[in-house]
Amino acid sequence: MKSGKRAVRLLAVLTAVFLLLPGCLPSGPEPAATGGSGLTVYFIDVGQADSALLLCDGAAMLIDGGNPSDSDLLYTFLKNRGVSRLDYIVATHAHADHVGGLAGALHYAAAGIALSPVTENDSRAFENFIKALGEQGVPVTVPKPGDTFALGGADVMALGPLSLSAEPNNTSIVLRITYGSVRFLFTGDAEREEERELLDAGYDLSADVLKVGHHGSDTSTTYPFLREIMPRYAVISCGKDNSYGHPHENTLSRLRDADVTLYRTDMQGTIVCVTDGRTVSFTVERNADAETNPTKPSADEEEYIGNINSLKFHRPSCSGLPAEKNRVIFATREAAVSAGYEPCGNCKP
Ligand SMILES: [Zn+2]
Ligand SMILES: [Zn+2]
């Protein structure tokens, strides 16, 4: 059994090395996308905005497309992956940070079904989306709660909106996506009012992966909603140093309380989630080791301090620490070793 254990450990180390060295990834995170069974979800880094591309058994769904300035990014993202057909294109709600880049996607890919909670909105971004759809002769479909759609082998159900609020965020199309025994929940920018309606409707909201509502704003991801979902993983799409202060500490704290593993586009770039219907795995564009939802460090959590000149790493208590300017901090011992650093002979980290 010893060699088996060793093999497992070797595999774990290799996986860690792979995750720690984004340079190993050919062009951003790129696990098996299409062809073969499996569901791949790209949470595309569109800054302070939202966009996710789902590929399943050769079928594709785009949920939101970032800001108008992300049009080129969306165009290129689809082109690089050869996604010339979007079986579904979803505008969760009419805000520019969700519908803005959809026109760019439509300039590359042909759309099947276009979902939106409204058919009209006087924003330029929404009008451009409708115009691009019109050029393809695709009408807007307003989904009804409970409507289902097939995405390859995945089942997609529209849970909301259950009513049309005057607040566009609370008109967000909420999608529950089930592949095998793995579930995803996408809530757009739904805030507490829409969350309450979803709870009152009595849906089974349980999901393995939650795309956190409204970029991690305190107005979303209420405790009762989170308790029904009980996700293992959550993804927040937001921009670094955005003017809204997203994600808000209250939301982060609720996610910590729920013991959720968090991924963030502002810290980690594009995030890719792959599932075979049983297991779920994530890869990120950068900062795989980032503390995405840090609490105050407890006494037993220790960092390691590397010397960029000697390539040795130390415990913080070591008497032989390098000068501040020559330090690099590693969150884990593994991170230091993977980066090619050797343990100090004195403090023996
Ligand atoms: Zn938004
Ligand atoms: Zn919004």
Seminar exercise, completed: Taking the stretch 249-283 and the residues there that are in contact with a Leu (Cβ under 8 Å, 6 or more places away or on another chain) and among the hydrophobic types (A, V, I, L, M, F, W, C), the one that is farthest from ALA49 (Cα to Cα) would be ALA258
Exercise. Just one of GLU334, GLU303, GLU291, GLU342 is of a type in the set (Asp, Glu), out of contact with any helix residue (DSSP H, G or I) (no Cβ under 6 Å at 6 or more places or on another chain) and modelled with pLDDT under 90; which is it?
Worked result: GLU303
Problem set entry | From ALA96, ALA91, ALA114, residue being at pLDDT 95 or above, at negative phi and away from ligand 1 (no atom under 16 Å from the Cβ) | ALA114
Problem set entry | Residue ID - surrounded by the most Cβ atoms within 10 Å (Cβ to Cβ), chosen from residues in the stretch 60-95 that are small (Gly, Ala, Ser) and more than 15 Å from ILE173 (Cα to Cα) | GLY66
Seminar exercise, completed: Taking the stretch 117-160 and keeping residues touching a Gly at 6+ places or on another chain (Cβ under 7 Å) and on the phi > 0 side of the Ramachandran plot leaves GLY152
Problem set entry | Condition met for GLY245 (over 28 Å from PRO143 (Cβ atoms), within 15 Å of ligand 2 (Cβ to nearest atom) and surrounded by fewer than 19 Cβ atoms within 10 Å (Cβ to Cβ)) | no
Exercise. Quick one: how many residues across the stretch 157-196 are assigned to a loop (DSSP other than H, G, I, E, B), aliphatic (A, V, I, L, M) and without any contact (Cβ under 8 Å) to a residue 40 or more places away in the chain?
Worked result: 3
For this session: Assess whether TYR75 counts as being within 21 Å of the chain's Cα centre (by Cα) and more than 16 Å from ligand 1 (Cβ to nearest atom).
Result: yes
For this session: Scan the stretch 181-201 for residues that are of a type outside the set (A, V, I, L, M, F, W, C) and either more than 16 Å from ligand 1 (Cβ to nearest atom) or surrounded by 24 or more Cβ atoms within 10 Å (Cβ to Cβ) (or both) and jot them down.
Result: SER181, ARG183, THR187, GLY188, ASP189, GLU194, GLU195, ARG196, GLU197, ASP200
Exercise. SER172 fails exactly one of the following numbered conditions: (1) over 19 Å from the mean Cα position of the chain (by Cα); (2) within 13 Å of ligand 2 (Cβ to nearest atom); (3) among the polar types (S, T, N, Q). What is the number of that condition?
Worked result: (1)
For this session: For LEU133, indicate whether it is under 30 Å from ASP204 (Cβ atoms) and crowded, with 19+ Cβ neighbours inside 10 Å.
Result: no
Exercise. Of all residues in the stretch 209-225, which are away from ligand 2 (no atom under 16 Å from the Cβ) and buried (at least 21 other Cβ atoms within 10 Å of the Cβ)?
Worked result: VAL209, LEU210, PHE225
Problem set entry | All helices (runs of 4 or more DSSP H) inside the stretch 197-303 with 1 or more residues being in contact (Cβ under 8 Å) with a residue 40 or more places away in the chain and more than 22 Å from ASP70 (Cα to Cα) | 223-229, 249-257
Exercise. Inside the stretch 72-135, counting only helices (runs of 4 or more DSSP H) that do not spill past its ends, which hold 1 or more residues that are without any contact (Cβ under 8 Å) to a residue 40 or more places away in the chain and more than 16 Å from ligand 2 (Cβ to nearest atom)?
Worked result: 102-108, 124-135
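The values are calculated or read from the model by the stated rules, or taken from the named source; none is laboratory data. In this text the structure is predicted, and so the values were computed from the model without any measurement. Cβ: placed from backbone, ideal geometry, glycine included. Neighbour counts: every protein chain shown.
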